[in-house]
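Below you'll find the structure, written out as structure tokens, and then a few comments.
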Amino acid sequence: MKLKSVLAAAAAFVAIAASATEANLTTYGENRVRTRPVTPISANLVTPIGIPWGDEWDIAGLQTGIYNRVEDFSGLQIGIFNVTDYFCGLQVGVVNVTRRMQGIQLGLVNVISESDLSFMPLINWYF
């Protein structure tokens, strides 16, 4: 009985992760047209090894992993080392690095390179 539940949950996770679509992400008041597919869930060991496979995805939802790397992200990112170009949401990890952000970073090292205060330990934010 438990095995069936676990297998059903795993199949649902894979189906959701595989349901990538092309979408426009609105970030920082800009409506930027994205040509990369967007997935709602990403789970990986080290990007690009995970579900969905590869590093050509933007994410609008949840990403977990040891090393997370994504260009455009909107949602919750949890990992040991998180790297993004554009980020909107909450980043939780030991090291969090992004170029532009609208949200909060929680970790030992938090970097938002295009902000007035680019480095903060424990918590960093930009809105």
Length added when fully stretched, I51-V94, from 0.36 nm per residue minus Cα-Cα: 13.3 nm
The range 36-127 shape via C-alpha gyration tensor axes, a/c threshold 1.5: prolate
Label-point separation, F127 to I66 (7 Å along Cα→Cβ), nm: 3.6
Computed label-point distance, nm, for sites S118 and A43 using a 7 Å Cα→Cβ extension: 3.6
Centroid-to-centroid separation of the range 79-127 and the range 52-74 [C-alpha atoms, Å]: 15
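Each reported figure results from applying straightforward, stated rules to the coordinates on display, with no laboratory input. No experiment lies behind these values; they were computed from the predicted model shown. All Cβ positions, glycine included, derive from the backbone under ideal geometry; neighbour counts span all protein chains shown.
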